[in-house]
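Heads up, the thing below is written out as structure tokens.
The values are calculated or read from the model by the stated rules, or taken from the named source; none is laboratory data. Since the structure is predicted, the reported quantities are computational estimates derived from the model, not experimental observations. Heads up, the Cβs are rebuilt from the backbone with ideal geometry, glycines too, and the neighbour counts pull from every protein chain shown.
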Amino acid sequence: MMNKRDWLILVFPVFIFLFGNFFFFGLDNLALIKTIIWYYTLCLFGPLFYLLVAPYSSVIKKWGYSFSKSLGLLVLFLDVWLGSYLGLPLYSFYGILLLLVLWLLVSIIIGQKSPLKIDIEEVYLSEIIFLFAFIFILIINSLHPEIYWGEKPMDFSILNFMARTEQVPIQDVWAYGHEMKYYYFGYLIWGGFFKLTSIPVDVGYHLSIASVTGLFAQNAYGLFRYLFKRKRSSIIAALALTFGANWAAASFLLTGRVANMRAFWESTRVFRQNNFAEYPSWSFLFFDLHPHVMALPFCLLFIFLAVTYIRQEKKTMLLSLLLAISWGSLLALNGWDFLIYTFVFGILLVLSYRGKTIRSFLKENIGIPSLIALVGVAIVSPMFMVLNSGKKSYLGPFMGTSNGFIEYWNHGGTWWLLIILLASYTVWRSIFKKKVPQINTYGALLIAIFFLILFAENFTFMDHMNTIFKTNNVVWVLLGIVALSSLRVLDNLKRLPKQCRLALKTGGILVAILLLCGTVFNIRAVTNFYPYQTSRPSLKGSEYLKKMNNSDYVIIEWIRKNIVGTPLLIESPGESFDHSSARISMHTGLPNFLGWRNHVLLRGISAKVYLNRSIKIKKIYNSTDALKIYELLLKQKVSLVMVGPIEKSRYNTHGLAKFEKFSNLFIPLIKEGKSTLYRVKGSL
């Protein structure tokens with residue numbers, strides 16, 4: 001029975017959203033309602049999947065609530081994907097809703113058969129952390145809402161396409177007709193929320209990154225809660241890991257560097273030869289919905305399950321299954337994380353070997369757990385087997401210039417300060433108590449970190465840029481977990497000598513200041529970036545188009561309201577990172593005949609196919625033979641042709657004139673200023 005306090009906490013987020021909308025979000029009433037529905041739908045995954053699993057696992061019952069949202073998302077959307085792959089129409093509003101209701105019924109039945117005594121205070125605290133991170137990143141990103149820089153056009157186009165398509169396997173939105181050869185499971189998850197809420201797509205993009213941020217913060221709290229068993233330390237550690245910045249960003253603020261987008265960008269370009277590595281808060285502020293960003297909360301879920309598995313004396317079937325699902329999902333979310341965290345898990349597993357015979361160790365970990373793990377990988381293997389980077393795979397020694405102490409300090413120096421303090425305390429404690437310290441979870445993670453750094457500096461997998469980038473993304477998170485473990489001693493400071501207490505407090509305050517300085521600098525840098533002087537704050541990520549290219553903006557809005565499904569579009573392709581190319585596809589999710597050149601090639605489309613399509617596009621726009629082009633468009637199954645300022649600047653005027661002249665073949669759907677969208681007769 002819910003009391004008044006429970007009802008107040010349940011409706012409290014509504015007041016937060018109303019407040020946020022009044023001052024920051026700028027949404028109309030319908031979009032605000034859909035935003036609230038998005039939030040509560042995501043929150044539903046928490047109790048739903050907790051009630052499913054907790055009765056059968058004491059560890060998850062006590063410490064696992066914070067991970068239930070992430071676990072629920074994996075289970076539900078793996079079901080959606082697998083069912084759709086087998087031919088069931090599940091990747092749709094009704095399909096997803098049906099599965100959600102079925103899981104809800106199963107949860108209710110299990111809840112009645114195995115009633116739980118839930119720590120409601122723990123649930124509320126976990127949800128408050130999620131809400132704080134969700135709203136915080138929405139507010140900050142409303143101060144720089146433009147979805148157009150970096151690789152956001154690619155991310156936005158895929159996410160929008162996921163909202164339109166119901167077809168699995170997923171087609172490549174920028175080379176339609178070819179299966180997607182890229183990690184798309186994260187896009188599939190948040191595209192599912194687009195379907196459930198029918199949220200405006202540019203608002204939904206911001207809600208997606210806010211959801212990733214909230215899940216990461218909530219999972220971080222759950223992980224530290226499990227490791228520390230202390231609420232205060234866990235809250236501090238979770239917020240530090242989620243919103244902390246690297247040493248380079250902190251040094252920029254302390255040295256008076258101008259806080260602009262260039263400095264924000266350079267704060268991650270700390271390695272030699274312009275190599276780089278990111279960290280969670282940087283990615284959340286840049287709202288780059290790349291696979292490595294969407295995978296972040298699920299990586300923490302894997303760490304929790306891995307550490308739980310290792311610490312359990314008896315390896316239960318349920319725990320092995322959950323670990324397998326989490327492990328396999330990393331393969332679908334971001335293959336680099338799968339490889340790196342598999343190695344980390346191996347290190348943790350080997351170092352837990354002490355005190356056991358080899359036979360008992362193998363018996364615990366090789367038999368049924370290994371078979372279950374392979375099942376977890378097998379489930380997602382159809383997504384993985386089609387991956388093709390478009391680059392020649394390479395694994396071998398790196399012969400170039402390696403990074404040194406300065407580069408790694410700029411990346412993770414803040415964490416290293418805490419680790420040095422923790423190491424000093426551990427050494428002092430071992431001398432004082434005359435005990436040799438044993439390798440625990442944190443020590444094992446630190447050993448794994450050193451091996452990862454050695455690998456990144458001395459070997460290349462595929463290419464050295466990605467080796468440095470993807471490896472050190474993980475290193476930063478693992479360093480944070482190890483470093484923040486020092487907060488455990490804050491609850492026992494009274495037992496320590498005065499000098500030790502002073503050193504720990506001073507070091508902790510210094511690290512907190514550095515983390516805060518870096519975060520403040522990054523926030524100032526991104527919010528100072530006004531590319532088109534658009535009205536702010538707002539969550540309307542496409543509004544900048546009104547000033548950049550208003551005629552295209554009107555057509556994009558018309559497409560969003562009037563065209564359903566995935567009719568094939570032709571517009572001007574271009575080079576990678578050119579946000580003016582493939583812009584209609586980017587903002588609407590309509591599949592494109594051809595998108596960014598390098599990104600299409602990197603996704604495994606052959607150079608021959610790219611060249612062939614590129615030639616056809618030039619012919620379609622430049623040729624004056626209307627009938628011949630009409631037949632070519634029908635043959636290529638193209639339904640829509642865009643002619644706007646970009647096309648008029650790149651193609652022959654006489655060739656473009658045929659679309660307007662032969663309106664019986666190319667039917668104008670909407671015309672605004674210099675932009676016109678045509679429908680190919682007989683194609684829709």
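Some values worked out for this structure:
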| quantity | calculated |
| --- | --- |
| Single condition residue 19 does not satisfy, out of (1) surrounded by 20 or more Cβ atoms within 10 Å (Cβ to Cβ); (2) farther than 22 Å from residue 193 by Cβ | (1) |
| Strands (runs of 3 or more DSSP E) wholly inside region 611-684 containing at least 1 residues that are surrounded by fewer than 15 Cβ atoms within 10 Å (Cβ to Cβ) | 666-672 |
| Selected residue (criterion: modelled with the lowest pLDDT) from residues of region 221-265 that are of a type in the set (Val, Ile, Thr) and under 25 Å from the mean Cα position of the chain (by Cα) | 236 |
| Meets criteria (surrounded by 19 or more Cβ atoms within 10 Å (Cβ to Cβ), closer than 23 Å to residue 170 by Cα and of a type in the set (Val, Ile, Thr)) for residue 555 | no |
| Given (1) more than 30 Å from residue 85 (Cα to Cα); (2) surrounded by 22 or more Cβ atoms within 10 Å (Cβ to Cβ); (3) among the β-branched types (Val, Ile, Thr), number of the condition residue 158 does not satisfy | (1) |
| Selection status of residue 218, over 24 Å from the mean Cα position of the chain (by Cα) and part of a helix (DSSP H, G or I) | no |
| Lone unmet requirement of (1) under 16 Å from residue 217 (Cα atoms); (2) in contact with a helix residue (DSSP H, G or I) (Cβ under 6 Å, 6 or more places away or on another chain) for residue 306 | (1) |
| Members of region 211-245 found to be within 17 Å of residue 482 (Cβ to Cβ), in contact with an Asp or Glu (Cβ under 9 Å, 6 or more places away or on another chain) and surrounded by 24 or more Cβ atoms within 10 Å (Cβ to Cβ), listed by number | 225 |
| Hey, residue 402 assigned to a loop (DSSP other than H, G, I, E, B), surrounded by 11 or more Cβ atoms within 10 Å (Cβ to Cβ) and at pLDDT 65 or above or not | yes |
| Where a residue in region 59-71 is at pLDDT 90 or above and its partner, wherever it lies, is among the aliphatic types (A, V, I, L, M) and surrounded by fewer than 24 Cβ atoms within 10 Å (Cβ to Cβ), with Cβ under 6 Å and at least six apart | 65/123 |
| Verdict on residue 591 being on the phi < 0 side of the Ramachandran plot and outside the structural domain of residue 663 (by TED's automatic domain parsing) | no |
| Restricting region 33-62 to residues that are polar (S, T, N, Q) and assigned to a helix (DSSP H, G or I), the residue that is farthest from residue 195 (Cα to Cα) | 58 |
| Some residue of region 574-586 being out of contact with any strand residue (DSSP E or B) (no Cβ under 7 Å at 6 or more places or on another chain) and buried (at least 24 other Cβ atoms within 10 Å of the Cβ) | yes |
| Qualifying residue in region 185-197 (condition: assigned to a helix (DSSP H, G or I), free of Cβ contacts under 8 Å to residues at least 40 places away in the same chain and of a type in the set (A, V, I, L, M, F, W, C)) | yes |
